[in-house]
Amino acid sequence: MPSDTSSIAQLIQEMVDQQRSKVLKVARELVADATPEDIRNPQDFPELSTDALFNYEDGILTGYLSMQTALRSQEKNESNGLE
C-alpha cells in the first residue's frame, strides 16, 4: 500500500460524495421528494428499486463504498501489525 493512503482515502471520499449526489439526482427524477435516507432504502420506493439507471448508479456507489471499507480495513490491519 502506498505511503500516501490519506490522499487515496481523500480521493475515494470525493468519489463517494460525487456518486452519492448523482444517485440522489437520479432518484429525484423518479421520486421528486427523495431524501439521502431514501436512497439508502430504495426498496421502500418501487420507482427506485425497479429503475435500471438508478440501480446502475447505486451499484457504482456501492462499489466505491466497498473500496473505501477495504482501504480502511487495510489501514487498520497495517497499524495493528496484522498485514
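Some observations on this one:
- Cβ pairs under 8 Å, 6+ apart, first in the stretch 1-24 and closer than 18 Å to residue 74 by Cα, second at pLDDT 95 or above: 9/68; 12/64; 12/67; 12/68; 13/68
- The residues listed here are 71, 53; of these, the one that is modelled with pLDDT of 95 or more and either part of a helix (DSSP H, G or I) or small (Gly, Ala, Ser) (or both) is 53.
- Of residues in the stretch 1-22 being at pLDDT 95 or above and aliphatic (A, V, I, L, M), the one nearest to residue 61 (Cα to Cα): 16
- Counted residues, the stretch 38-68 - those being more than 17 Å from residue 18 (Cβ to Cβ) and either in contact (Cβ under 8 Å) with a residue 60 or more places away in the chain or exposed (fewer than 11 other Cβ atoms within 10 Å of the Cβ) (or both): 2
- Residues in the stretch 26-37 that are exposed (fewer than 15 other Cβ atoms within 10 Å of the Cβ), under 21 Å from residue 15 (Cα atoms) and of a type outside the set (Asp, Glu): 3 in all.
- Matching option when the condition is under 17 Å from residue 71 (Cβ atoms), in a helix (DSSP H, G or I) and of a type in the set (D, E, K, R), among 29, 37, 14, 47: 14
The values are calculated or read from the model by the stated rules, or taken from the named source; none is laboratory data. Since the structure is predicted, the reported quantities are computational estimates derived from the model, not experimental observations. All Cβ positions, glycine included, derive from the backbone under ideal geometry; neighbour counts span all protein chains shown.
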